[in-house]
Amino acid sequence: MIVSALLTSLGINFGLCILYFTLYSILRKQPGNIEVYAPRLVAEGKSRQESHFDLERLLPSTGWVRTAWQLSEEELLSASGLDAVVYMRIFIFRLWVHFCSAYLITGVVCFLLYYEYNYISSKRLASFYASRPQSHDFSVLVRGIPVTSGSSFSNQVESFFTEYHSSTYLSHSVVRRTSKLQGLISDAEKLYKKLTHLKSRPGQKFQRNGFLGLFGRKVDAVDHTEKRLQDLEENVRIQQSDVSLIGEEVPAAFVSFKSRYGAAIAVHIQQAINPMQWITEQAPEPNDVYWPFLSSTFLRIWISKLLVIVASIFLTVIFLIPVVFVQGLANLDQLEILLPFLKRVLSITFVSQVVTGYLPSLILQMFLSFVSPIMKLFSSMQGYISHSQIERSASSKVLWFTIWNVFFANVLSGSVISQLKLFLDLKNIPSRLAAAVPAQASFFITYVLSSGWTSVASEIARAIPLICELIGGCCSKSRSDEFDVPSFPYHKEIPRTLLFGLLGITYFLLAPLIIPFVLAYYALGYIVYRNQLLNVYLPKFETGGKFWPIVHNSTIFTLILMQTIAIGIFGLKKLPLASSLTLPLPVLTLLFNEYCRKCFLPIFHAYSAESLIKKDREDHSDPAMGEFFDKLVNAYSDPCMRPLSYSDNADRHISPLLGPAQV
């Protein structure tokens with residue numbers, strides 16, 4: 001043992017000595033008129049050995065670096081031969097492959113981004129020109145209607161727009177409070193489903209009419225439920241009449257115009273001297289309106305947005321708990337220290353491979369499944385007036401939450417404070433990322449398999465919705481035979497798809513092994529989701545391609561991240577030239593992004609006057625426009641005010657609860 005320790009100590013000391021002399025030989029003085037020992041120069045008689053001791057020759061110097069750098073390839077060829085030139089070309093080829101790859105992938109991605117942005121913008125305009133007149137193109141939502149004593153909000157709206165938009169104003173519909181009416185309609189819907197369920201099962205003939213069907217006298221279940229539904233339907237009609245006549249108005253209204261251009265002017269021009277009054281925004285499609293926040297004041301919406309930001313940050317911090325747990329599973333040493341009683345079990349090869357390989361990404365995916373509905377709930381509390389706006393906002397929240405907690409939180413272990421310190425210390429970001437990102441390559445390859453491939457496979461079978469439907473059918477006594485066709489969950493699927501793009505581009509230079517797995521995910525997803533969108537999902541709103549700017553911004557962020565890591569990698573590999581030449585890439589990418597924003601983003605915000613006037617002129621010769629304007633008057637009536645035609649058609653299982661809107 002003593003001899004072994006002694007040899008180990010001598011080995012370490014000897015290694016340190018070798019390291020010292022290596023560093024010394026690198027830094028020692030080697031100018032043009034060489035005066036130090038070099039075996040080749042001694043053999044050729046070019047080294048001058050002096051008998052006297054010169055301390056200056058022992059001091060480190062970097063002059064030789066300039067000499068070696070200025071040496072041409074022809075001089076090296078004549079001095080050392082072709083083999084030496086070939087060997088030095090190896091260094092150049094490692095250098096330039098990665099350097100050119102960074103430029104190449106940036107150029108390819110930017111070209112594709114430009115092409116897609118241009119293509120989708122043109123498709124958005126083509127779709128607008130080819131579309132029939134839509135209610136939301138001619139309407140705006142007005143909020144902040146000033147209160148005037150002795151005058152209703154409806155009179156205020158009519159007076160204001162008749163005076164200032166006399167040539168284009170058509171009609172308006174003031175929003176009223178209908179929360180009580182919404183509760184009654186919800187109760188009617190539950191009774192309808194219960195009645196349909198009772199009629200589909202003739203064996204359930206009698207029930208008690210008391211509390212929860214457990215007390216009271218026995219009655220015929222179908223007749224009793226049908227009578228309750230008729231009474232509730234009558235109560236709804238009375239409430240609708242009261243709301244339409246004397247219901248409380250709120251300072252919000254949908255205002256319709258005779259032309260798209262007139263509606264656009266009302267949206268994009270400040271209507272009053274006080275910017276807090278007569279606030280206008282483009283109206284969504286009638287079936288896309290999110291009614292709960294239409295009556296909200298500016299202060300309530302502002303407070304709601306602030307609370308949502310705080311809640312989102314809190315959720316991000318709390319989510320670090322499962323992320324840290326996943327990191328522990330991925331590291332056996334940490335796991336054995338934390339849970340020493342599992343040491344024997346974890347020593348089994350198969351168990352250790354499952355625990356460190358597949359299990360961490362599976363657990364992370366399980367926790368992530370709760371994020372998208374929570375973020376959609378947060379977005380619905382921010383004061384948006386349409387379901388499509390809520391969906392887009394939730395998509396952005398889930399995307400950046402996923403990037404932070406799936407990518408950065410797994411790459412940069414530690415607390416939130418330590419992670420934020422990294423991004424505040426801009427100088428050390430590239431080196432820290434370059435050191436941390438490659439270490440998680442195996443985890444993210446497994447994550448693509450467990451999350452990406454599994455999600456595509458489960459999307460084909462739709463096993464989870466099927467199980468939920470079966471459980472709901474067995475547990476619910478009010479289940480009807482009606483089937484609610486689902487809409488595509490953009491807020492969930494878009495962030496997941498973009499995250500895999502981030503992993504593929506980021507690890508393109510670091511771990512190319514991930515590329516086949518990402519490519520397989522996109523190839524399978526392309527076929528599967530085309531089928532699902534065609535045969536499974538039913539669109540419930542249309543944004544006109546407004547999700548694409550989210551995709552563009554995420555891809556630009558991914559490119560900047562990849563370039564930053566490349567700069568750090570070249571720095572760690574002691575390639576300052578490549579690192580310096582890569583520095584312009586982020587600047588060029590940001591300039592490209594700004595160019596795209598100027599060229600294409602305005603098309604996604606609003607249509608130009610040229611497009612609107614051109615479309616309005618085409619409609620002048622359309623004989624159906626008169627009928628369209630007649631329907632436009634009542635297009636934005638509250639769904640709660642639509643008539644119920646329900647109990648008489650209860651035997652028809654496909655009959656809707658709400659009838660068509662009155663025009």
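Can you tell me the convex hull volume per residue for the stretch 533-632, based on C-alpha atoms, in Å³ to the nearest whole number?
160
For Asn535 and Tyr129 in one chain, what is 0.36 nm times their gap in residues minus the Cα-Cα distance, to one decimal in nm?
On the way: separation 406, 0.36 × 406 = 146.16 nm, distance 2.71 nm.
Once the chain is fully extended between Asn535 and Tyr129, it gains 143.5 nm.
Give me the number: length gained by fully extending Tyr290 to Asp223, i.e. 0.36 nm times residue separation minus the C-alpha to C-alpha distance, one decimal in nm.
Full-extension gain reported as 20.5 nm.
Just to compare against my own numbers: the Cα pair-distance distribution for the stretch 75-197, 10 Å bins, whole % per bin, please.
Bins of 10 Å from zero give 9, 14, 13, 15, 14, 10, 8, 7, 7, 3, 0 percent of pairs.
Return the sequence-ordered ³J(HN,Hα) values of the stretch 113-130 in whole Hz as given by the Karplus equation 6.51 cos²θ - 1.76 cosθ + 1.60 applied to θ = phi - 60°, using x for Gly and Pro.
Residue by residue, the stretch 113-130 yields 4, 4, 4, 5, 4, 5, 5, 5, 4, 5, 5, 5, 5, 5, 5, 5, 5, 8 Hz.
Through the Karplus equation 6.51 cos²θ - 1.76 cosθ + 1.60, θ set to phi - 60°, convert the phi angles of the stretch 570-576 into ³J(HN,Hα) values in whole Hz; use x for Gly and Pro.
5, x, 5, 7, 6, 10, x
Quick one: length gained pulling Ser179 to Glu248 fully straight, 0.36 nm per residue minus the C-alpha distance?
Additional length available on full extension: 23.7 nm.
Quick one: if you stick a label point 7 Å off each Cα along the C-beta vector at Phe628 and Asn274, how many nm between them?
For the pair Phe628/Asn274, the computed spacing is 3.7 nm.
Over the Cα atoms of the stretch 230-325, what is the Rg over Rh ratio if Rh follows Kirkwood?
On the way: Rg = 20.4 Å, Rh = 17.9 Å.
Here the Rg-to-Rh quotient is 1.14.
Find, among the trypsin sites (Lys or Arg not before Pro) in the stretch 563-643, those assigned to loop by DSSP (not H, G, I, E, B) with at most 11 other beta-carbon atoms within 10 angstrom.
Values: sites: Lys573, Lys574, Arg597, Lys598, Lys614, Lys615, Arg617, Lys631; in loops: Lys573, Lys574.
Within the stretch 563-643, the qualifying trypsin sites (Lys or Arg not before Pro) (loop, at most 11 other Cβ atoms within 10 Å) are Lys574.
Would you mind checking the pairs Lys376/Lys492; Lys258/Lys598; Lys258/Lys615; Lys190/Lys227; Lys123/Lys614; Lys492/Lys546 and listing those with alpha carbons more than 20 angstrom apart?
The pairs that break the limit, which is 20 Å between Cα atoms, are Lys258/Lys598.
Can you check what the net charge comes to around Phe547, using other residues whose Cβ is under 10 Å from the Cβ of Phe547 (Lys, Arg +1; Asp, Glu -1)?
On the way: positive: Arg392, Lys546; negative: Glu391.
Result for the neighbourhood of Phe547: +1.
Each reported figure results from applying straightforward, stated rules to the coordinates on display, with no laboratory input. Everything quoted here is computed from the prediction, not taken from an experiment. Cβ coordinates were reconstructed from backbone atoms using ideal geometry, including for glycine residues, and neighbour counts include every protein chain displayed.
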